[in-house]
Each structure stands twice: as structure tokens, then as C-alpha cells.
Amino acid sequence: MFLEKYDTIVVGAGHAGCEAAASAANLGCKTLLVTMSLQNIAQMSCNPAMGGIAKGQIVREIDALGGYSGIVSDKTAVQFKMLNKSKGPAMWSPRVQSDRMRFSEEWRLMLGFGCYLRSLVLRSTSEWQSLEKPLEAHSDCLCLSNRLAHS
């Protein structure tokens with residue numbers, strides 16, 4: 001099952017892990033994304049919002065670089081709101097509240113069935129634990145969610 005070799009292995013399928021795996025796959029790298037549960041990919045907290053002054057800037061930067069967080073947020077939006085409208089335009093910041101279940105489901109669809117992500121493989125840790133030999137990564141770094149550990 002895991003006898004294939006991968007260019008990039010991403011451990012953790014939170015928001016950063018999903019973006020890292022999608023980026024590597026979009027570059028044509030054979031990518032493995034490993035998570036504890038395939039049902040909890042990109043799971044949002046009890047306050048399922050993307051945006052605000054700090055996170056909104058990051059989402060816009062990810063979007064400009066071809067990431068999917070903004071697209072998934074738009075597809076699963078329940079409410080859009082402009083924050084800090086009583087202050088000057090420099091402080092205005094868009095925020096979107098998303099449906100938690102649909103957000104995770106949309107990420108699973110984009111990662112698992114995306115036509116541009118054919119080089120991406122999703123696996124759960126239960127499959128990982130059944131390995132007889134360790135996985136090999138051929139790139140110069142192994143992505144660990146939102147950190148890079150150079151090999």
C-alpha cells in the first residue's frame with residue numbers, strides 16, 4: 001500500500017497542512033498528506049470564521065499565491081461581514097463565517113477529487129501505523145503541518 005515514493009510528505013491536515021499539500025501537488029510533486037482522521041480535514045473551531053485583521057491578511061496572501069482557503073471559505077459561507085466599519089478604511093477587514101461541516105467537506109473534495117491535484121494522496125494514521133517499511137521523501141524538506149524540517 002505504501003510502497004510508492006513521494007516527493008513531499010505533509011503530516012497534519014489542518015489549514016496549513018492542506019494548503020502545503022495542495023501547493024506541492026499543484027507544482028507537480030507526488031505528495032502524501034497524512035492525518036489522524038480523513039473526516040476531520042481542515043476542521044474549523046467552534047467559531048468557524050476566516051478573516052479579520054490578521055487572519056484576513058494571511059488568507060488574501062494565500063489566495064494571491066494560488067491557495068484554496070479563500071475559495072473554500074467563499075463556497076461554504078454562511079455570512080460575510082466587514083469588520084471595523086466605524087474606523088478608518090485602513091482598519092476595515094472582511095470576515096466570513098462558514099458552515100463547519102461543509103468547510104471540511106469542501107476541503108476533502110478539493111484535495112481528494114480535485115482535477116489539478118492528481119499527484120496528491122490522502123492517508124489516515126491508521127493506515128500509516130500498518131507500514132512495514134518507512135516512507136521515503138525525495139525532496140529536500142519534509143513538511144510538518146506549518147513548519148518545514150529540512151532533511
Study note, to complete from the structure: Cβ pairs under 6 Å, 6+ apart or interchain, first in the stretch 54-66 and in contact (Cβ under 8 Å) with a residue 24 or more places away in the chain, second buried (at least 16 other Cβ atoms within 10 Å of the Cβ) and among the polar types (S, T, N, Q), ordered by first then second residue, are Gly56/Ser93; Ile62/Ser69
Review point. In this structure, does Lys75 turn out to be at pLDDT 90 or above and open to solvent by 60 Å² or more (accessible area, probe 1.4 Å)?
Key: yes
**Study point:** Residue in the stretch 100-110 that is at positive phi, among the small types (Gly, Ala, Ser) and either modelled with pLDDT under 85 or open to solvent by less than 60 Å² (accessible area, probe 1.4 Å) (or both) present
**Key:** no
Exercise for review: May I ask you to list pairs of residues, at least six apart or on different chains, whose Cβ atoms are under 7 Å apart, with the first in the stretch 16-28 being under 11 Å from Gly66 (Cβ atoms) and the second being in a helix (DSSP H, G or I)?
Suggested key: Glu19/Ile62; Glu19/Ser69; Ala22/Leu111
Point to revise | Only one of Val59, Val72 that is of a type in the set (A, V, I, L, M), closer than 30 Å to Lys5 by Cβ and in a helix (DSSP H, G or I) | key: Val72
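Looking at the stretch 124-137, can you tell me whether even one residue there is open to solvent by 60 Å² or more (accessible area, probe 1.4 Å), within 17 Å of Ser45 (Cα to Cα) and modelled with pLDDT under 95? Full working, then the answer.
Looking only at the stretch 124-137, we keep the residues that are open to solvent by 60 Å² or more (accessible area, probe 1.4 Å), and these are 126, 128-130, 132-134, 136.
With the extra rule that they be within 17 Å of Ser45 (Cα to Cα), the set shrinks to none.
Within the stretch 124-137 (the criterion being open to solvent by 60 Å² or more (accessible area, probe 1.4 Å), within 17 Å of Ser45 (Cα to Cα) and modelled with pLDDT under 95), the answer is no, since none of the residues qualifies.
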**Study point:** Tabulated pairs, the stretch 88-105, first among the aromatic types (Phe, Trp, Tyr) and in a strand (DSSP E or B), second at pLDDT 90 or above and surrounded by fewer than 17 Cβ atoms within 10 Å (Cβ to Cβ), C-beta under 8 angstrom, 6+ apart or interchain
**Key:** none
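The values are calculated or read from the model by the stated rules, or taken from the named source; none is laboratory data. This structure is a prediction, so every number in the text was calculated from the model and none was measured. Reconstructed Cβ throughout: ideal geometry from the backbone, glycine too, with neighbour counts over all protein chains shown. Accessible surface areas use protein heavy atoms only, side chains included; no ligands, DNA or RNA. Shrake-Rupley method; radii C 1.70, N 1.55, O 1.52, S 1.80 Å.
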